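For reference, the structure is listed below as structure tokens.
The values are calculated or read from the model by the stated rules, or taken from the named source; none is laboratory data. All of these numbers come straight from a predicted model, not from anything done at the bench. No Cβ is skipped: glycine too gets one built from the backbone with ideal geometry, and neighbour counts run over all protein chains shown.
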Amino acid sequence: YYKEWQGQKINYWCYGEEDNQCVNILFTKNDLAEQIIYSVRQEINNCLDFAAFKKQGYTIQETTLDGTAVITNEKLEITLDYPIKLKKGNEEITVNSFHSSITTPLGELYTIAQHIINEEATKANFDVLTWQTNHADVIIIKTKPYPGIIYSIKKSGLTLNFAVEGVDTASNQGEVILASQETNYGCCYVNNNCYANTPSTSCQEKQGSYETAPCTCEEPTELKTNEEELCDGESCQDCGKYEHGESWCDYDSAPGEGKDTVGSRHYLYYCFDGEIYEESCRDYREEICVQSQNKAICRANRWQDCSSCTTEECCENTQARDCYWNEDLNPLETTQCTPTVPVGLKFWEFNGIEICSRANQEKTCNGLNCDQDWVDATAISCYSQADCGNYENTEGVFTEQGFFNSDLKYDPDESVYKTKKTGSLNLPTQIDPQQQLLESPVQETADIFISIITAAYRFVNQWVDITVPNYLNPFTPSPKIEILDISICAPWQAPNSADDCSKCGQNDKTCTEYTCKSLGKKCMYQEDDGYPTCTAIPKEKQTQFHLEIDPEATSSSYIIEETKLEIEETIYHGYKIKPDLTPYKPFTIGIKTTEKSICRLDYTPQAEYLDPPIFMMGKASYQEQHNLTMRVPPKVAIPQKLKDGLNLTTAEEIVGAIVEPKDLLKNYEEKFPAVFNVYKTVTGNELEEELGPYVDKLLDFVDDVEGNYPFYENLSVTLLDKFDSGGYYLFVSCEDQFGNNQEEELFIELNIADTQEDKSPPAILKFMPENNAQISKNAVTTKIYMYTDEPAACRYAYENKQYEEMSYSFTCKNGLYDLTSVAAGSYECTTTLQTDDDVVIYISCADNPNNAESYIVSLQPSTTTAVAGELYSDHIPEDIDNPIEEYAEYINVEQNNATNTTIITATSFLLSDSYPTLFNTSTANNTLNVYINNEMDCTISNKTSTNQMNCTKTMSEEENKGVYICSADVDINNASVDIQNYEINCAEHDQLNINEEAVQYTLKKSDGFEINAVSPRNNEETDENTALTVTTSESKDIVCGYAEYGSIEFIRMTKIADTVFTASLKNLDKGYNTYSIYCKDGYGNSVEGTSTFYVTQ
């Protein structure tokens, strides 16, 4: 059981076990002695040469070798039982045993080694320099090939090597905290030697006596300071500008403020008797080097709970954590607290997605974009978490595959990525073990694909109902366009090259896998006989691989056909899914690759100058099977009203306009000057100036593509046409662990069916809290989140009833594009229930929720024609004294003498659904025209009949009144003096699909739980080092934390049983100490308590 390192096989003296870096294997002096005898037995034939005797005629008779070795601090006594008989004729000589006394410090080195193991087992660290400068003339070299440690102890020409195995925490960053665990095992005593953190079974095997944890092994007395032996009894020598015993830090890149480069490491150097020694801190920056005056130390990087701190005080509490309150993150709605030194990740295996996703951001902004500061802050937050986002490696090579921001206007400013040139860490050297806050967040990887789709569709949805008249209509505020900007943070990716592989290990540094992989995807790390190397992958591994669609993994109800796309001279091969996908239903795509790889989905093919968002397909790990399940979004197209407003009709015209954005802007200003005037009046800014940056960005792109413009133009038209017809292409690209790509990028063509073909009622996909869940005992009300597979209107009742009879309603976001990422794409409904007791409700939903409008008008026979009475519209400003006169263009009555008809015209914004708007008419034949903004079916009704109105699109000169005009002929009895009332109802009339059976939803009150006992008890006397223990009654998923009285930072306690939690309190002040205790369970119940005890010394 050994580590192969630099040509040697070095035995492990302790092994790693889950969250325990060093479990003592109990390698005793007797074991070392037996190993010596075993080595003698193996090598004896190489030591003995009987050739001279054989030449003289002797015969040699050997038997089995046995022996003993006794190790003391200064000597090694070896006795061999090895009978040898030499015989020649009648002459016979027999030698039965051999003995040798060797002066060697082996025993002393063993004692030092075992003391080091005890320190590693209990403190997860051994301070070489502090021990060495206060002890005998022994040199200790500490090397850290990840994840273990190799110690070499040297004295008088003898070297003793041994290793600590350690635990690979980089593969699961954040799950195991260095130096935070209590010793799991007790102490074993064998022949007056103490072995810490040893399993009891191992102790029994060695016939030792056992002391259960907690326990410690004191430093052996024979290792106490002997000043006369230090530096051979002479004055210890300095190292140039560094004094003997001085230590200092060095770094691959300037550390701190979240700016350590990928692949970098911290180093500790120290001077001992004229020689400079190096101790590398643990790789992946899991350890950091901090310095105070002339003393430096490698210690654990306490980064794990920075994102839990919401205040600067919590963030910069350097006794508890190593975090940085970054003022540049102020524009974000999340915390500004990030690790001072971001931890390293095995990014080449896509480890750490959960950590990087802490920096995922969303923001809703007015207009077409968010501001530059917010975009910059999202990029900074991303690379500050760990090896995430867009950043550079130790060679200054910058890559951009780990971060995406959807903002249409701004990219992160280049200045945000500038690394520090110099710097050190202003952090304490002596710290308590890492302790996590009780409220540390549990991160889940977001469904990025659905999130981006949702944001894009929401943006499109806002344009559906916006037209130029919206800006001109005086009864409505100027349309408010909002955009949901999304930033996605993923693990950093190395440059796809092998150019810098040879630079790993330069400047006398040890090359590591982490540094090697950061230099290029095509760099290969190996340890040949324990010698680390970083070289370019061999040519035989630099090969492309094949990918194809997997019919067995793809939803079985669909047919897969091969197809292709021709963009100029480039041909893309792919697959078409038939028939059209049903909106709102789940659909699975499967891809197979001939090499283990990671695959991505893009909306565009891989091409220079294109930087689309990248969606991981399947799991974020290298494998041959890649599946993606999503809920099919509704069919979407470029809104016709948007095309009309731009005076464009086809995708080709739109692409052409994009290429000439200044001409488009000029034409638009000439056609609709009122829009520009209104914008300036409302905002004080010129709309042309506001749109300028977008124009410049488009022109920059056109300049960049230069001779390739025909390709990009053709590609844009093809993709936009597909989008406009209600479908899209998904391009699949894959990459193996060596940076090799597929032979040919393929695409999948999807078409989405119209929603009118939907005959199924909405399905409820998910509840939060879940159905039949238990909730807090003290919850008076509970908010319910429900997610459906399509837009829906949902009702509920406390008895099982039909949909129409249910009295209560959910509040549902039922726009076509109001998707959430829950359940691979869904629509959210909410309500709040009274939960004084257990509650049961019955839920039913209908799809195609109608958008309905109604208005009341009255016609009064008269000798004149006019608008009579008042206008009751809520859209009329209060400061308008005479609205009928003010808005005569929008509501009026005119008589056509030629046809003896009265024409009544009204914009719907001036009508009311509560109070009738009265019109005087002098003719029996009347035409009522009502302008509306949405395409709807309208009817007009009175007491005796209901008639359909004729709705058509308005002419451009009337668009300020409304987009559609609905007309009806209304005949009245002109001889009567009675007012005749009419109700106009407009609705989007779609067939409702309703659940046949209601869904029963139940919430149950939990029993709660209590704190049964706390130790130390109130007023109990205890030592300065004690264990705080809490015992609770039973419940689900209980966690407990403690805090010094008055603090709001509760530190998570260690669970040692389902209802028992403990924490070590050390170096307590003498006198009374009070600690607060807070526990919570999985149902939302919480309990609090305190413990006040007396420390005697």
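Condition check ((1) under 15 Å from Thr419 (Cα atoms); (2) part of a strand (DSSP E or B); (3) modelled with pLDDT of 95 or more) across all residues:
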{"residue": "Leu332", "(1), (2), (3)": "no, no, no"}
{"residue": "Arg358", "(1), (2), (3)": "no, no, no"}
{"residue": "Thr364", "(1), (2), (3)": "no, yes, no"}
{"residue": "Ala379", "(1), (2), (3)": "yes, no, yes"}
{"residue": "Tyr383", "(1), (2), (3)": "yes, no, yes"}
{"residue": "Gln401", "(1), (2), (3)": "no, no, no"}
{"residue": "Phe404", "(1), (2), (3)": "no, yes, no"}
{"residue": "Leu408", "(1), (2), (3)": "no, no, no"}
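Just to be sure I understand the filter: pairs with C-beta atoms under 7 Å, separated by 6 or more residues or on different chains, first member in region 530-554 and among the small types (Gly, Ala, Ser), second member surrounded by fewer than 13 Cβ atoms within 10 Å (Cβ to Cβ). Which pairs pass?
Gly530/Gly7
Residue by residue, here is whether (1) among the aromatic types (Phe, Trp, Tyr); (2) buried (at least 18 other Cβ atoms within 10 Å of the Cβ); (3) modelled with pLDDT under 70; (4) touching a helix residue (DSSP H, G or I) at 6+ places or on another chain (Cβ under 7 Å) holds:
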position	(1), (2), (3), (4)
Gly396	no, no, no, no
Lys420	no, no, no, no
Gln443	no, no, yes, yes
Asp447	no, yes, yes, yes
Ile452	no, yes, yes, no
Asn470	no, yes, yes, no
Thr476	no, no, yes, yes
Ile483	no, yes, no, yes
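Let me spell it out: the conditions are (1) farther than 30 Å from Thr1054 by Cα; (2) hydroxyl-bearing (Ser, Thr, Tyr); (3) under 37 Å from the mean Cα position of the chain (by Cα), and Thr122 meets all of them except one. Which number is the exception?
All conditions pass for Thr122, except number (1).
For region 59-115, list the strands (runs of 3 or more DSSP E) that sit wholly inside it and hold at least 1 residues that are touching a Ser or Thr at 6+ places or on another chain (Cβ under 6 Å) and either in the same structural domain as Ile139 (by TED's automatic domain parsing) or surrounded by fewer than 18 Cβ atoms within 10 Å (Cβ to Cβ) (or both); which are they? Steps first, please.
Values: elements: 59-62, 66-71, 75-88, 91-103.
Counting at least 1 such residues, we get 66-71, 75-88, 91-103.
Limited to region 188-237, what total is found for residues that are at pLDDT below 90, in contact with a Cys (Cβ under 8 Å, 6 or more places away or on another chain) and among the hydroxyl-bearing types (Ser, Thr, Tyr)?
Of the residues in that region, 1 qualify.
A quick yes/no check of all residues on (1) among the small types (Gly, Ala, Ser); (2) in contact with a helix residue (DSSP H, G or I) (Cβ under 8 Å, 6 or more places away or on another chain); (3) buried (at least 20 other Cβ atoms within 10 Å of the Cβ); (4) not in a loop (DSSP other than H, G, I, E, B):
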| position | (1), (2), (3), (4) |
| --- | --- |
| Ile488 | no, yes, yes, yes |
| Gly505 | yes, yes, no, no |
| Thr510 | no, no, no, no |
| Lys517 | no, yes, yes, yes |
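Can you pull out every residue in region 918-968 that is among the basic types (Lys, Arg) and surrounded by fewer than 16 Cβ atoms within 10 Å (Cβ to Cβ)?
Here is the first cut: in region 918-968, the residues among the basic types (Lys, Arg) are 943, 953, 961.
Lys943, Lys953, listed by residue number.
If Arg795 passes every condition in (1) part of a loop (DSSP other than H, G, I, E, B); (2) buried (at least 20 other Cβ atoms within 10 Å of the Cβ) but one, which one does it miss?
(1)
Quick check on my filter: what residues within region 889-908 are surrounded by fewer than 16 Cβ atoms within 10 Å (Cβ to Cβ) and in contact with a helix residue (DSSP H, G or I) (Cβ under 9 Å, 6 or more places away or on another chain)?
Result: no residue meets the conditions.
Tell me, yes or no, whether region 708-726 has at least one residue that is at pLDDT 80 or above and farther than 20 Å from Asp580 by Cα.
no
Among the listed residues Ile876, Ile891, Ile880, Ile903, identify the single one that is of a type outside the set (Asp, Glu), more than 11 Å from Val857 (Cβ to Cβ) and in contact with a strand residue (DSSP E or B) (Cβ under 9 Å, 6 or more places away or on another chain).
Ile903
May I ask you to verify whether Tyr855 is under 43 Å from the mean Cα position of the chain (by Cα) and in a strand (DSSP E or B)?
When the stated conditions are applied, Tyr855 does not pass them.
If only one of Phe767, Phe747, Phe723 is part of a helix (DSSP H, G or I) and either crowded, with 17+ Cβ neighbours inside 10 Å or in the same structural domain as Val840 (by TED's automatic domain parsing) (or both), which one is it?
Phe723
For region 867-877, state whether one or more residues are at pLDDT 90 or above, surrounded by 15 or more Cβ atoms within 10 Å (Cβ to Cβ), under 17 Å from Gln980 (Cα atoms) and among the β-branched types (Val, Ile, Thr).
yes
Restricting region 95-112 to residues that are under 50 Å from the mean Cα position of the chain (by Cα) and of a type outside the set (A, V, I, L, M), which is nearest to Phe50 (Cα to Cα)?
Tyr110
Look through Thr335, Thr311 and report the one residue that is under 20 Å from the mean Cα position of the chain (by Cα) and among the hydroxyl-bearing types (Ser, Thr, Tyr).
Thr335
Looking at region 893-904, can you tell me whether even one residue there is within 18 Å of Val970 (Cβ to Cβ) and free of Cβ contacts under 8 Å to residues at least 24 places away in the same chain?
yes
Can you tell me how many residues in region 125-168 are under 33 Å from the mean Cα position of the chain (by Cα), within 25 Å of Val190 (Cα to Cα) and surrounded by fewer than 18 Cβ atoms within 10 Å (Cβ to Cβ)?
0
Being part of a strand (DSSP E or B), farther than 26 Å from Glu735 by Cβ, touching a helix residue (DSSP H, G or I) at 6+ places or on another chain (Cβ under 7 Å) and in contact (Cβ under 8 Å) with a residue 24 or more places away in the chain is the requirement here; does Thr338 meet it?
Yes; evaluated as a whole, the condition is true for this residue.
Within the group Glu327, Glu316, which residue is within 30 Å of Lys409 (Cβ to Cβ) and free of Cβ contacts under 8 Å to residues at least 12 places away in the same chain?
Details: Glu316 fails: within 30 Å of Lys409 (Cβ to Cβ).
Exactly one residue qualifies, and that residue is Glu327.
Can we say Tyr915 is modelled with pLDDT of 90 or more, buried (at least 17 other Cβ atoms within 10 Å of the Cβ) and of a type outside the set (Asp, Glu)?
no
Enumerate the pairs (first residue in region 617-632 and without any contact (Cβ under 8 Å) to a residue 60 or more places away in the chain; second residue anywhere and of a type in the set (Ser, Thr, Tyr)) with beta-carbon separation below 6 Å, excluding pairs fewer than 6 apart on the same chain, so at least 6 apart or on different chains.
Glu624/Thr593
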